[in-house]
1. How many residues are closer than 26 Å to Asp243 by Cα and either in a helix (DSSP H, G or I) or among the basic types (Lys, Arg) (or both) if we restrict to segment 325-364?
2. If you scan segment 248-266, which residues turn out to be open to solvent by 30 Å² or more (accessible area, probe 1.4 Å) and either among the hydrophobic types (A, V, I, L, M, F, W, C) or not in a helix (DSSP H, G or I) (or both)?
3. State which residue is farthest from Lys537 (Cα to Cα) when the search covers only segment 451-501 and only residues that are surrounded by fewer than 16 Cβ atoms within 10 Å (Cβ to Cβ) and aliphatic (A, V, I, L, M).
4. In segment 211-238, what count of residues is obtained for those that are within 26 Å of the chain's Cα centre (by Cα) and open to solvent by 30 Å² or more (accessible area, probe 1.4 Å)?
5. From Arg391, Arg445, Arg435, which residue is farther than 23 Å from Ala177 by Cβ, touching a residue at least 24 places away in the same chain (Cβ under 8 Å) and not in a loop (DSSP other than H, G, I, E, B)?
6. Taking into account only those residues within segment 122-146 that are under 30 Å from Val501 (Cβ atoms), modelled with pLDDT of 95 or more and among the polar types (S, T, N, Q), which is farthest from the chain's Cα centre (by Cα)?
7. What number of residues within segment 238-262 are hydrophobic (A, V, I, L, M, F, W, C), in contact (Cβ under 8 Å) with a residue 60 or more places away in the chain and under 30 Å from Thr331 (Cα atoms)?
8. Can you pull out the helices (runs of 4 or more DSSP H) entirely within segment 159-247 that have at least 1 residues that are modelled with pLDDT of 95 or more and in contact with a Lys or Arg (Cβ under 6 Å, 6 or more places away or on another chain)?
Amino acid sequence: MTETARPERDRPWIIRTYAGHSSPAESNALYRRNLAKGQTGLSVAFDLPTQTGYDPDHVLARGEVGKVGVPIAHLGDMRALFDQIPLGKMNTSMTINATAMWLLALYQVAAQEQGAAPAELTGTTQNDIIKEYLSRGTYVFPPGPSLRLITDLVAYTVTEIPRWNPINICSYHLQEAGATPVQELAYSLCTVIAVLDAVVASGQVPQERMGEVCARMSFFVNAGVRFVEELCKMRAFVALWDDLLKTRYGVTDPRHRRFRYGVQVNSLGLTEAQPENNVIRIVLEALGVTLSKDARCRALQLPAWNEALGLPRPWDQQWSLRIQQILAYETDLLEYPDLFEGSVVVNGRVDELVAAATEEIDRVQAMGGAIAAVESGYMKSQLVASQATRRARIESGDDIVVGVNRFTETEPNPLLADLDTAVQVIDPAGEQATREQVAAWRAGRDAGVVDEALLGLREAAKTDVNLMPATLACARAGVTTGEWAGVLREVFGEYRAPTGVSGAVTAGAGEGLAEVRGLVTRTGEELGRRLRLLVGKPGLDGHSNGAEQIAVRARDVGFEVVYQGIRLTPAQIVAAAVEEDVHIVGLSVLSGSHMNLVPEVLDGLRAAGLGDVPVVVGGIIPPADADRLAALGVAAVFTPKDYGLTEIMRGMVNIVRTANGLAGA
């Protein structure tokens, strides 16, 4: 009997790994190794100083250089990052937002130095600043100027780099910040409406070319473990996008209305407890965005099993790469038409999502659109409340997380036998080397050419001309990231987005809340005033979900909460502790810079006469670092395994009681 011929396979999605750390040279070596292993595109992670427009020797960059991505301070760094990688043939995604124009300018110039024309370049700049105000926190400028930078980049690329995606409308971080599927759909589409309306209003793109602009709009989406619902969400995205472009922007060419999206599956759902379980979570999440041919992603990157513990090693990234390759090449996933066409269940859920998202889109548009809903705090409050509800379901056991709140009995994990080698450790000497390198770069430049380029940028920023030509001139002159952003800070100003904490309305948080609230009240009475907690985010880490949830739960149990948002220096946190006369300080650090920043806060509190005020720390902190922090005087360290917020509150009240000579409870 002869075997039936197999169907022709569809071309796989672009297979990527999100990577970058330490230095351009080390990241370049990692990229070339991954490409040799079968990766088909690059996804660049930049460190926080690069993302927020600071040079590595700026005071706010302390402890952050090379930690969560690669530092890129100037054209020389960009050359080193892509050494021996032909940019004219590479598809490169860059997770960069506030400084997206600057990084694309460096990329274009580096590519031209290799001999590639701008029209040959393919890839994506994330460039979605609205979600930065809502979730990830790497914004710099106010919404108006930020939207102008996005608009200028869109207008420039449609003419000069026509194969480039100038923006990823990024719902990924909305889900990380707590968004329900409906909110993820609605708020990302409200963002794209704001961008496209701004492009139209700018007059930089003729109406007959708006179809080309819409065709280059891409999306970056999160896929959670509820993979059936995630699949339905993607089909809803396809339907909503097609209808929006037809009805609002008059796009008639179906090719221009294709919903084009890339995916990073859910890092928020990865657990520190029993982290080996994360492998199957990652596989299921990948299925949610690959099973349905009519709503399949164009590019996919998977996190590593140990990302809740620290920075993945090359081997961990290879494991995630192999997951994609097995799905694409070993299974028959790519051999069939859409598996869900005509499914009553799927179509019904898609219709529900479309209807609910449309209602929320209309609500935001009635407020004046996405920018207005950011400035009023509406969208942020909605996300904080949704996140609080999700956390409450986990605490109550209504939502089961295997290994965390159920099935916690476990055998010893051989992958974690040596915790010090289970994750990648960044050499702390690398930061000083990077500081010295940027100083040497500045010293080797033609100062007159640099000054002229920066003056051109400053003058252009004061008008409404497209800023990309002036930015390219800065890149070629040897301007640094901090200098480029510094000029725009002078012209545009800086911005602090609403935290969403005060407006968040939360659901019940399970058993024990009333008991802890009583303990807080009694402790305040014994001390003569209401307990006051300062929640601080030192450094450039903008991932504020944990800090916001701590602030909300602390408020719910009766603390008076002082939370000033992200991106504070240790000195600013100490000043707030003094001014607000707090009983306890809680620091949240997820970027790996805890050993740099927390000791500075401790020293500052002692110098200010507040050495008796206890400090607790939360974040992705390895056990060895937790021990070091305790030795320095930190009262407690909380990591992702400590999912019970009410129990954290109980612990914090008892820390206050102990610090003030009261009996524990």
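The values are calculated or read from the model by the stated rules, or taken from the named source; none is laboratory data. Since the structure is predicted, the reported quantities are computational estimates derived from the model, not experimental observations. Positions of Cβ are generated from backbone atoms using ideal geometry, with glycine treated the same way; all protein chains shown enter the neighbour counts. Just so you know, the surface numbers come from the protein's heavy atoms only, side chains and all, with ligands and any DNA or RNA stripped out. Shrake-Rupley method; radii C 1.70, N 1.55, O 1.52, S 1.80 Å.
1. 21
2. Residues of segment 248-266 open to solvent by 30 Å² or more (accessible area, probe 1.4 Å): 248, 250, 252-258.
Result: Arg248, Gly250, Thr252, Asp253, Arg258.
3. Among those residues, the one meeting the criterion is Val465.
4. Here is the first cut: in segment 211-238, the ones within 26 Å of the chain's Cα centre (by Cα) are 213-238.
Remaining after also requiring open to solvent by 30 Å² or more (accessible area, probe 1.4 Å): 216, 225-229, 235, 238.
Of the residues in segment 211-238, 8 are within 26 Å of the chain's Cα centre (by Cα) and open to solvent by 30 Å² or more (accessible area, probe 1.4 Å).
5. Working: Arg391 fails: farther than 23 Å from Ala177 by Cβ; Arg445 fails: not in a loop (DSSP other than H, G, I, E, B).
Result of the check over Arg391, Arg445, Arg435: Arg435.
6. Residue satisfying both the conditions and the ranking: Ser146.
7. Quick first cut of segment 238-262, residues hydrophobic (A, V, I, L, M, F, W, C) only: 238-241, 244-245, 251, 259.
This time we only want the ones that are in contact (Cβ under 8 Å) with a residue 60 or more places away in the chain, so: 239-240.
In the following step, the residues that additionally are under 30 Å from Thr331 (Cα atoms) were identified as 239.
Adding up the residues that qualify gives 1.
8. Passing ranges, in order: 181-202, 227-247.
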